[in-house]
Amino acid sequence: WISFNGDESLRVERDQRQKTMLRSISGLFLTFSSAIQCTVTAAFLSPSTNIAARSWIGSSHNANENANAKNDAQIPSTSRRSSAPSSSVPIREEIRYIAGRRALLLHPPPPSLNDSGNNTNNHDHNNPASPPLVILGGMAQSIASWEFHLPSLSKHRSILIYEGLGQGPPPPSEVCSVDGTGEVTLSNYYDDVSLERQGRDFWNVVDEALFSDGSHYYEQQRERNRAMGGSDASNVVDVASFSFGGRVSMAAAVSNPKRIRRLHLTGVGAERDGLANVILASWKEILGSSTASEMMGECDPFDHASRCTSRLRSFAWSVILATYSEAFLASAGPERVQTWVDSVCRYNTEEGLRAILLQTHDDHGEESLWTPAAMARRIQSSGAIECCRVLVGSGDKMAHPTKARKLAEILHGGDIRKDGDDVYKVVEGCGHAVPMEAMRSWRNDVLDFLDK
């Protein structure tokens with residue numbers, strides 16, 4: 001739900017770790033003389049020995065996350081067809097609009113051959129057994145929210161992440177101008193952000209990004225398959241989605257279930273409980289029901305300062321407080337949470353978020369074809385998707401674990417174990433935003449599920 005970089009969560013973990021570490025060794029310092037204490041302290045606080053101390057404490061998990069954070073900054077930004085300058089990092093294309101949606105593509109590192117001609121990367125570049133992975137984030141998230149996960153996820157497969165209609169910053173005039181005159185009206189642009197529309201958009205973006213002539217993935221697979229005497233690349237994808245993105249991915253599965261191999265859902269329930277409905281009602285009240293055209297007088301959506309309206313900022317605070325666990329927020333502190341609020345305002349528009357709230361979060365009971373429960377029944381009846389998995393935080397206020405379990409049961413015909421796979425899991429100690437609170441656990445869960 002929240003648009004902030006992964007290193008924010010990392011800093012929360014790091015601060016907690018450093019506090020615990022200092023408390024643990026404070027007793028040891030007392031046994032030394034004052035001079036020795038100064039020497040040891042100076043050595044301990046030096047950058048090189050600080051890393052060693054963290055490893056000694058047993059924080060290899062967080063050290064690995066630090067390494068991943070550094071890799072994020074090292075991923076080269078390339079043009080559509082160029083190769084990465086290093087064979088050890090993913091190929092990253094520039095963020096651009098694909099089929100009208102702001103998107104980012106990453107691809108596995110090219111094979112690095114030794115003198116014997118063997119691949120030293122320990123993986124098969126764009127292995128056809130690993131379909132591309134499409135990532136869809138929560139309502140107020142952006143591409144930046146997922147940067148921390150991308151290096152690890154793109155080691156063995158191509159990754160496509162995009163912002164759905166209503167998410168992200170205002171689109172350029174050439175994207176949202178229907179008649180070609182350059183006149184942009186956000187009220188018209190966000191007139192239909194329904195899940196049915198989002199499901200159609202999903203396949204438009206996927207086909208142009210991954211399966212069209214000239215796209216990196218398509219060309220790589222076509223060359224490989226032809227060399228092996230096979231046909232062109234398969235047009236099947238895997239999907240990992242969160243919250244609102246989970247609803248969009250289910251709508252895409254409804255419209256074309258045969259093209260999704262495995263579907264990983266986080267923070268999605270079959271229906272909302274009473275608390276979730278109250279929270280949702282408060283968000284609608286905060287953003288108001290006024291149309292974008294009525295708001296234009298006080299909010300210019302193309303000016304960042306005016307986009308940070310009091311309504312949008314209030315909404316951002318409310319979303320953060322509702323979707324993160326209390327322990328995580330307490331560890332972050334008000335100053336860091338403030339930066340997350342700033343990011344929500346920077347990467348979103350009030351008009352787009354209001355449209356998503358009003359058009360995709362108003363479940364009209366069992367008769368609606370686009371509630372999570374109704375979509376799950378249609379997906380299950382198709383029998384086309386190999387397997388679905390539902391992940392939820394134990395403290396999720398927006399998708400209570402009992403509601404997430406019900407969704408998993410519907411998706412699998414009442415059996416939440418399929419071919420030995422657990423298709424439902426509760427992540428203890430997390431709120432709604434499991435991918436941001438438990439980054440490594442979420443990422444490993446996705447990869448384990450996709451690789452089975």
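Coordinate-derived values only; no laboratory data. This is a predicted model, so every value here is computed, not measured. Every residue, glycine among them, receives a Cβ derived from its backbone with ideal geometry; neighbour counts consider all protein chains shown.
Around the amide H of residue 97, modelled in the peptide plane, lie the amide H atoms of 103, all under 5 Å away and 5 or more residues distant in sequence or on another chain. Measuring against 28 Å, Cα to Cα, the residue pairs 258/397; 284/403; 155/406 contain 258/397; 155/406 as the ones spanning a longer distance. Spacing of the modelled spin labels on residue 236 and residue 223, each 7 Å from Cα toward Cβ, amounts to 2.5 nm.
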